[in-house]
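To keep things clear, I will list the structure first and then write my remarks on it.
The values are calculated or read from the model by the stated rules, or taken from the named source; none is laboratory data. Everything quoted here is computed from the prediction, not taken from an experiment. Backbone-built Cβ (ideal geometry, glycine too); neighbour counts: all protein chains shown.
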Amino acid sequence: MAQVTLRKVVKKYDEVEAVSAIDLDIADKEFVVLVGPSGCGKSTTLRMIAGLEDITGGEIAVDGEIVNDVPPKDRDMAMVFQNYALYPHMTVYQNMSFGLRLKHFPKEEIEKRVQEAARILDITDLLDRKPRQLSGGQRQRVAMGRAIVRNPKVFLFDEPLSNLDAKLRVQMRTEIKRVHQKVRTTTVYVTHDQVEAMTLADRVVVMNRGRIEQIGAPNFLYHSPATRFVAGFIGSPAMNFLPCRLEQAGDGLNVRLSDSIAFAVPAERVQRYRPAAGKELTFGIRPEHLTEAKTNGSKNLATFDAGIEVVEPMGNETMVFFSISGTEVCGRIDPNAGARVGASMKMAAHLDHMHLIDNASGRVL
Amino acid sequence: MVDAAISDVRELSTPAKRTGMRRMLQRKSSIAFLMTLPLILLIGLLVLYPAFYAVHLATLNKSMQRFVGLSNFTFLFNRETFWMVVRQSCIFALTAVIFKALIGFVVAHFVHNVPANKQRRWRGILLIPWVIPPAMSTLAWLWLFDPSYSAFNWILVHLGLSPVAWTGDAYWARFSVILINVWFGAPFFLIMYLAALKSVPDQLYEAAQIDGANWWQRIWFVTLPMMRNIIAITVLFSTIVTFANFDIVQVLTAGGPIDKTHVFATWAFRLGIQGGDIPLGASVSLFMFPILAVCAIFILRDIRRRGNEAS
């Protein structure tokens, strides 16, 4: 049970800055996910928290105590590695009890904790096996068991699901969430998979090029991304980005996407966007906010005609792809809306969910 | 079974033209046998024949005219020098192997921690003792050990110590031959252990670090278990080679002073070739076999039982 605080933490390899002065406060019992593309510094950040990497600058504190120079073995953290890093010469029981044995816990206590963790993870039958006799999912459970028995201050996960097949990954994701609900421990989890980040996290930290782009609850990040990077990274299929111009139209504002398509900005946003009037911007909208035009049209819908180029039925919904002035756009429509390739379709953009992005700074206005 | 089935099918497709010889050559097992035949012949010629010939020789009298049964062996058992040679061979092999393994292990760790771009250079330098033919390098050592003009004694005298009779005193002579053997053999362990160290995934050490293991515990609980098989094999291999060592002892001391540094091979040479009693020499050298066989059985059984644990 602990809070973890990062203050202006920097990591440099020679002259290359892998992590640039990041600040992060992780509350007690919180599940924080660091997410970003490869090379964004998320793993390095995790390894600095663990003590496996030196810190070039700044400080890391656990419960207010600075741990910059504390070796990993004294930080009381447990880590689950991408390739599990189980000791191949030890049985599952020995693997799980290793940390406790090193700390000279009494035998009965070790037995109790291992059995308890094995019960939580449903691996009681595997305790006598060697890692090579286990499947990927089972190894993953053992690696988690090894972390749980320690009852550490902080759990660290370094892309723990990347080596599993798609189905098992979904299953283990739920498992990790379930375990965290049972064993409430501060958790830092690193992944490049935004779905994992969204589903697991209390708070998501989106990183890019060694910096934190945005921190927030999953739904908040989804609906109110701070930057174009976050807007594009979170959500699948990704948000559509279209070049646009913001035009003055009487009292209101117009977003002009092409010569023929222009939308009126919803009245409640006019104030917010007014300073950017006349500028070239990027218009962002998620596929689910580009639907077929319905007759019971709600407020702030802008309808337009689109020539459908590709149709991807998913069962519960259908993805349609079309072009707006040369840019490919994805929309999500009802499977019964009757989308046909080559046909023109009346589409509606839900402008309550639109984003305007400043091209120079990449920030969402 | 499969082979037979395949040849049956062939027979059907190309009716009874082939001779029996041809058909036999077509079978996979025959081809395999033919391809291994050169090796089988080589082993027969260079290993099995000499081994059995040595057993045969050991049962003859000095002039190799008469069969004398086991009397060569009973003669040896009653000679004090023989037991001294047994003892010296064991001390020589055990001490040398232990120190070679220890030094190899420690130095392998140092080299492992050298940055990758400089590692090749160090590996090359450290391999030199192993690359020089030991008969030649021992000559160099012989000069270093020379009682009156040697570098070692010169240094000792300048440090105010009394010079040492490196090859003249029985204990120092034993120390010297072991020292040279360790110097010659340690690089082999170094290279094997370095390769083994590189095959241990870094994440295991990181996991152990996070589990709370200090440096020593990481060696004990991660490195050593992961290297156990390679340690067992190198120790077995080196024990065999060291036990049968000839050149270093022969060049440095030739068994002296007063037979105190003789090992099986040099004593067998002294009795058989230089002393002209080939059957007796053969009997001496045969003694290495049971000792090494027992050693090999234990080590190999241990390796087999554990299997390959690197998953």
Of all residues making up the stretch A:141-174, the number that are farther than 19 Å from A:Ile110 by Cα and more than 14 Å from chain B (Cβ to nearest Cβ): 12
Boolean, B:Arg305 is part of a helix (DSSP H, G or I) and at pLDDT below 80: yes
Scan of the stretch B:70-114 for residues that are more than 25 Å from the chain's Cα centre (by Cα) and within 22 Å of B:Tyr205 (Cα to Cα), ordered by number: B:Asn113, B:Val114
In the stretch A:54-75, residue nearest to the other protein chains (Cβ to nearest Cβ) [restricted to those that are touching a residue at least 60 places away in the same chain (Cβ under 8 Å) and surrounded by fewer than 19 Cβ atoms within 10 Å (Cβ to Cβ)]: A:Asp63
Any hit, the stretch A:80-87, residues being modelled with pLDDT of 90 or more, more than 22 Å from A:Thr186 (Cβ to Cβ) and within 12 Å of chain B (Cβ to nearest Cβ): yes
Of all residues making up the stretch A:225-237, the number that are in contact (Cβ under 8 Å) with a residue 60 or more places away in the chain and among the polar types (S, T, N, Q): 1
Scan of the stretch A:90-133 for residues that are buried (at least 22 other Cβ atoms within 10 Å of the Cβ) and either within 11 Å of chain B (Cβ to nearest Cβ) or among the hydroxyl-bearing types (Ser, Thr, Tyr) (or both), ordered by number: A:Asn95, A:Met96, A:Ser97, A:Phe98, A:Gly99, A:Leu100, A:Pro131
Failed item in (1) touching a residue at least 40 places away in the same chain (Cβ under 8 Å); (2) over 20 Å from B:Phe105 (Cα atoms); (3) within 18 Å of the chain's Cα centre (by Cα); (4) surrounded by fewer than 18 Cβ atoms within 10 Å (Cβ to Cβ), with B:Lys260 passing the rest: (3)
Any hit, the stretch A:317-340, residues being out of contact with any His (no Cβ under 9 Å at 6 or more places or on another chain), in a strand (DSSP E or B), among the basic types (Lys, Arg) and assigned by TED's automatic domain parsing to the domain that holds A:Val265: no
Residues satisfying the stated conditions in the stretch A:14-53, i.e. closer than 26 Å to A:Lys177 by Cβ, within 14 Å of another protein chain (Cβ to nearest Cβ) and either surrounded by fewer than 19 Cβ atoms within 10 Å (Cβ to Cβ) or out of contact with any helix residue (DSSP H, G or I) (no Cβ under 7 Å at 6 or more places or on another chain) (or both): A:Ser43, A:Thr44, A:Leu46, A:Arg47, A:Met48, A:Ile49
Selection within the stretch B:219-231 - in contact (Cβ under 8 Å) with a residue 24 or more places away in the chain and more than 7 Å from chain A (Cβ to nearest Cβ): B:Thr223, B:Met227, B:Arg228, B:Asn229, B:Ile230, B:Ile231
Cβ pairs under 9 Å, 6+ apart, first in the stretch B:199-218 and in contact (Cβ under 8 Å) with a residue 40 or more places away in the chain, second not in a loop (DSSP other than H, G, I, E, B): B:Ser199/B:Met226; B:Ser199/B:Met227; B:Ser199/B:Ile230
Entirely in the stretch A:190-286, the strands (runs of 3 or more DSSP E) that have 1 or more residues that are crowded, with 21+ Cβ neighbours inside 10 Å and of a type in the set (Asp, Glu): A:211-216
Matching residues, the stretch B:56-103, being among the β-branched types (Val, Ile, Thr), touching a residue at least 60 places away in the same chain (Cβ under 8 Å), farther than 28 Å from B:Ile233 by Cβ and part of a helix (DSSP H, G or I): B:Thr81
Of all residues in the stretch A:299-316 being without any contact (Cβ under 8 Å) to a residue 24 or more places away in the chain and not aliphatic (A, V, I, L, M), the one that is surrounded by the most Cβ atoms within 10 Å (Cβ to Cβ): A:Glu312
Filtered residue count, the stretch A:134-144, keeping only those that are buried (at least 19 other Cβ atoms within 10 Å of the Cβ) and outside any helix (DSSP H, G or I): 1
B:Ser137, sole failed condition from (1) polar (S, T, N, Q); (2) in contact (Cβ under 8 Å) with a residue 60 or more places away in the chain; (3) under 18 Å from B:Val241 (Cβ atoms): (2)
All positions within the stretch A:20-39 that are closer than 17 Å to A:Gln82 by Cα and either at pLDDT below 90 or among the hydroxyl-bearing types (Ser, Thr, Tyr) (or both): A:Gly36, A:Pro37, A:Ser38, A:Gly39
Scope the stretch B:176-215; condition more than 7 Å from every other protein chain (Cβ to nearest Cβ), closer than 17 Å to A:Ala85 by Cβ and buried (at least 21 other Cβ atoms within 10 Å of the Cβ); matching residues: B:Ala208
